[in-house]
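Have a look at the structure that comes next, please.
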Amino acid sequence: METTAYHDTNAAILAVRGADAEGFLQGLITNDAKAGTPFYAAILSPQGKYLFDFIAMRDGEGFLLEVAASAAQALLARLTMYKLRAKVTVEACDLIVLRGFGAPRHGGFPDPRHAAMGWHGFVPAGDYPKLPDGYFDVARVENLVPQAGIELQSNESYILEMGFERLNGVSFKKGCYVGQEVTARMKHKTELRKGLVRLKLEGAAPIGADISRDGRTIGKVYTQAGGHALAYLRHDLAGPDMVAGDARLALEVA
């Protein structure tokens with residue numbers, strides 16, 4: 001299997017350091033910062049909606065957070081807002097993210113969301129080839145791994161509907177964090193009527209196109225690769241003859 005190390009220019013790294021770094025993150029994020037790294041986690045709004053997701057690696061007395069480059073400044077601002085008197089610093093880091101399939105290189109580690117998503121490495125800038133656009137799309141679609149800014153919509157998505165429990169991104173034992181009450185209630189007291197699914201796709205549709213069946217809008221289609229697609233869908237309304245744009249869709253995995 002390929003072992004090329006690619007520079008993921010769509011990812012950035014923030015450094016959270018200081019004596020209070022672990023406790024600071026523990027009160028904010030969906031996963032358990034005390035359980036070891038690497039781990040996958042999100043930060044939610046007080047209403048329990050997704051704001052940011054990241055992969056964290058312990059670094060001395062702090063953590064390095066890999067986040068979508070488009071969200072890095074907003075995440076830095078959010079963490080700074082919550083910092084108050086905590087003995088912690090939050091700043092952009094000049095390391096870059098390497099990614100690839102196969103055996104990890106450059107001190108890298110397997111993707112904590114799913115083994116099929118390859119590996120990540122945090123290294124100084126160097127002469128690495130750029131990660132090709134859509135390089136992980138087939139693996140993401142096959143394994144129902146959502147991406148920030150596509151399937152994961154800030155202030156709209158709920159992480160349990162997006163599969164965070166399956167992707168090792170949420171702990172139900174760690175205690176309180178921002179948005180925890182809503183997430184726990186969705187886990188224990190409700191049945192999820194909507195969520196991320198994989199569809200068989202014939203044709204093509206714009207990302208974000210409405211999915212309809214029998215004249216009713218029942219969801220939206222997102223990443224498409226290898227004749228399959230990720231979609232956000234009403235489970236109870238899914239069935240034969242779903243369409244989006246010029247594409248015909250059939251449910252594969254919910």
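The values are calculated or read from the model by the stated rules, or taken from the named source; none is laboratory data. Bear in mind the structure is a predicted one, so any value in this text is a computation, not a measurement. Cβ sites come from the backbone with ideal geometry, for glycine too, and all protein chains shown count toward neighbours. Heavy atoms of the whole protein, side chains included, go into the accessibility calculation; ligands, DNA and RNA do not. Shrake-Rupley method; radii C 1.70, N 1.55, O 1.52, S 1.80 Å.
Test of understanding: among PRO129, PRO146, PRO124, which residue is open to solvent by 80 Å² or more (accessible area, probe 1.4 Å) and not small (Gly, Ala, Ser)?
Being open to solvent by 80 Å² or more (accessible area, probe 1.4 Å) and not small (Gly, Ala, Ser) holds for just one of PRO129, PRO146, PRO124, which is PRO124.
In the set THR190, THR183, which member is modelled with pLDDT under 95 and of a type in the set (Val, Ile, Thr)?
Among THR190, THR183, only THR190 is modelled with pLDDT under 95 and of a type in the set (Val, Ile, Thr).
For (1) closer than 16 Å to TYR177 by Cα; (2) assigned to a strand (DSSP E or B), each residue gets a yes or a no:
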residue: ALA35; (1), (2): yes, no
residue: LEU64; (1), (2): no, yes
residue: ALA77; (1), (2): no, no
residue: HIS120; (1), (2): no, yes
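Can you name every residue in the range 1-30 that is open to solvent by less than 50 Å² (accessible area, probe 1.4 Å), part of a loop (DSSP other than H, G, I, E, B) and touching a helix residue (DSSP H, G or I) at 6+ places or on another chain (Cβ under 9 Å)?
Once the filter is applied, which keeps residues that are open to solvent by less than 50 Å² (accessible area, probe 1.4 Å), part of a loop (DSSP other than H, G, I, E, B) and touching a helix residue (DSSP H, G or I) at 6+ places or on another chain (Cβ under 9 Å), the range 1-30 yields ASP8, GLY18, GLY27, LEU28, THR30.
Here's another thing I want to ask about it. Taking only the range 201-226 into account, find how many residues are part of a strand (DSSP E or B) and surrounded by 13 or more Cβ atoms within 10 Å (Cβ to Cβ).
14
Moving to a separate point now. Taking the condition buried (at least 21 other Cβ atoms within 10 Å of the Cβ), assigned to a strand (DSSP E or B) and in contact (Cβ under 8 Å) with a residue 60 or more places away in the chain, does ALA56 pass?
No, not satisfied.
Would you say GLY175 is exposed (fewer than 14 other Cβ atoms within 10 Å of the Cβ) and at pLDDT below 95?
Yes.
Looking at the range 134-156 only, could you name the residues that are under 17 Å from ALA229 (Cβ atoms) and in a loop (DSSP other than H, G, I, E, B)?
GLY134, PHE136, ASN143, LEU144, VAL145, PRO146, GLN147, GLY149, ILE150, GLU151, GLN153, listed by residue number.
Using the structure shown, decide if VAL97 is in contact with an Asp or Glu (Cβ under 9 Å, 6 or more places away or on another chain), farther than 14 Å from GLU2 by Cβ and outside any loop (DSSP other than H, G, I, E, B).
Judged against the criteria, VAL97 is a match.
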